[in-house]
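Trainee: Dumping the structure here so I can ask a few things about it.
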Amino acid sequence: MIILEKMNASEFKQYLDYTIPNYAEEHIKAGKWEAHEALSKATEAFNTLLPEGENTINHYLFTIRNKDRNDVGMIWLGKQSDLKGFIYDINIWKGHRGKYYGEHAMREIENVGREIGLETIGLHVFGHNQIAQKLYSKVGYEVTNIKMSKNIKESAN
């Protein structure tokens with residue numbers, strides 16, 4: 001139902017234009033970053049993780065295409081060690097959500113992981129992202145830890 005194709009330079013640029021502000025906003029929502037610093041911190045994070053862009057060694061960035069070869073999203077797998085991988089990002093573009101592309105991409109990235117010798121794949125999901133949590137549970141990911149916080153600035157309890 002889907003095909004993963006290595007992301008090209010143009011697709012990578014479009015991805016960064018979308019994901020850096022989105023990543024910044026997610027950290028603001030999660031209470032981890034202040035709005036005035038979020039964009040610069042997000043940019044720094046991506047520059048650190050992907051110094052060679054889409055060609056950074058041990059990082060596998062794919063465009064997700066449907067059976068008609070239309071671009072419906074992206075997925076990024078990093079190889080953290082010989083046996084452990086990490087899904088840094090998955091996005092299904094608006095207009096293509098709710099069609100099981102995310103589920104199929106998650107299953108297909110496992111095949112990529114096996115091909116590069118991985119035994120496990122981890123990921124992070126923000127607590128407020130219930131849709132992603134549901135998808136990850138559906139394809140067999142289990143909670144391995146939970147980090148919690150409370151905003152006490154505006155609360156006396």
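What follows draws every value from the coordinates through simple rules; no lab data is involved. Values in this document were obtained by computation on a predicted structure and should not be read as measured data. As a convention, Cβ positions derive from the backbone with ideal geometry for all residues, glycine included, and neighbour counts pool all protein chains shown.
Trainee: What does DSSP give for segment 15-157 in terms of the percent of beta bridges that are antiparallel, rounded to the nearest 5? Spell out each step's value before the answer.
Mentor: Details: 14 of 18 bridges.
Percentage antiparallel, nearest 5: 80.
Trainee: Provide Rg and Dmax in Å for segment 47-88, with only Cα atoms included in the calculation.
Mentor: Cα radius of gyration and Dmax of segment 47-88 are 12.0, 35 Å respectively.
Trainee: At 222 nm, what helix-only mean residue ellipticity would the chain give, in deg cm²/dmol to the nearest 500, using -39500 (n - 2.57) for each DSSP H run of four or more?
Mentor: Estimated from H runs of four or more residues: -12500 deg cm²/dmol.
Trainee: Which residue fluctuates the most in the chain, going by a Gaussian network model with Cα springs under 10 Å, if the choices are Ile87, Ile57, Ile20?
Mentor: Of Ile87, Ile57, Ile20, the Gaussian network model singles out Ile57 as fluctuating most.
Trainee: Find how much the distance from Arg69 to Asp17 grows on full extension, using 0.36 nm per residue of separation minus their present alpha carbon separation; answer in nm with one decimal.
Mentor: Value of the extension gain: 16.5 nm.
Trainee: Counting only C-alpha contacts under 8 Å and six or more residues apart, can you give the relative contact order of segment 29-157 as a whole percent?
Mentor: On the way: 120 pairs, mean separation 22.4, N = 129.
It rounds to 17 percent for segment 29-157.
Trainee: For Ile3 and Ile57 in one chain, what is 0.36 nm times their gap in residues minus the Cα-Cα distance, to one decimal in nm? Kindly include the intermediate steps, with their values, before the conclusion.
Mentor: On the way: separation 54, 0.36 × 54 = 19.44 nm, distance 2.17 nm.
In short, 17.3 nm is gained.
Trainee: Asp89's amide H: which non-local residues (gap 5+, or another chain) put their own amide H closer than 5 Å, with H modeled 1.01 Å from N in plane and none for Pro or chain starts?
Mentor: Amide H neighbours of Asp89: Trp76.
Trainee: Output needed for the chain: three equivalent-ellipsoid semi-axes, defined as square roots of 5 times the C-alpha gyration tensor eigenvalues, in descending order, whole Å.
Mentor: In descending order, the three semi-axes are 26, 19, 17 Å.
Trainee: What lysines could a cross-link reach from Lys79, if we take a straight Cα to Cα line under 27 Å and drop same-chain neighbours fewer than 8 places away?
Mentor: Hits, sequence-local ones excluded: Lys6, Lys13, Lys32, Lys41, Lys134, Lys138, Lys147.
Trainee: Another question about this same structure. Tell me, in nm to one decimal, what length is gained between Ala45 and Arg97 on full extension, where the rule is 0.36 nm per residue of separation less the Cα-Cα distance?
Mentor: Contour length minus the Cα-Cα distance gives 16.1 nm.
Trainee: For segment 1-78, report the translational diffusion coefficient in µm²/s to the nearest whole number, using Stokes-Einstein at 10 °C, 1.306 mPa s, and a Kirkwood Rh over Cα pairs. Please report the intermediate quantities before stating the final value.
Mentor: Numbers: Rh = 13.5 Å.
Answer from the Stokes-Einstein relation: 118 µm²/s.
Trainee: OK, next. Amide H to amide H under 5 Å from Val72: which residues, 5+ apart in sequence or cross-chain, H placed 1.01 Å off N in plane?
Mentor: Ile64, Arg65, Asn66
Trainee: Whole-Hz Karplus ³J(HN,Hα) for segment 64-81, in order, using 6.51 cos²θ - 1.76 cosθ + 1.60 and θ = phi - 60°, x for Gly and Pro?
Mentor: 8, 10, 7, 4, 8, 6, 7, 6, 10, x, 8, 8, 10, 10, x, 9, 8, 7
Trainee: Can you compute 3J(HN,Hα) from phi for each residue in segment 131-143, using the Karplus curve 6.51 cos²θ - 1.76 cosθ + 1.60 with θ = phi - 60°, rounded to whole Hz and x for Gly and Pro?
Mentor: Using θ = phi - 60°, the values come out as 4, 5, 4, 4, 4, 5, 5, 4, 9, x, 6, 10, 5 Hz.
Trainee: OK, next. Hey, what do the phi angles of segment 33-47 turn into as Karplus ³J(HN,Hα) couplings, whole Hz, using 6.51/-1.76/1.60 and θ = phi - 60°, x for Gly and Pro?
Mentor: Per residue, the Karplus-derived 3J(HN,Hα) values read 10, 7, 4, 5, 10, 4, 5, 5, 5, 5, 4, 4, 4, 5, 5 Hz.
Trainee: Return the loop-located trypsin sites (Lys or Arg not before Pro) in segment 114-153 (DSSP other than H, G, I, E, B) with at most 10 other Cβ atoms within 10 Å of their own Cβ; answer none if there are none.
Mentor: For trypsin sites (Lys or Arg not before Pro) across segment 114-153 that sit outside H, G, I, E and B with at most 10 neighbouring Cβ atoms in 10 Å, the list reads Lys147, Lys150, Lys153.
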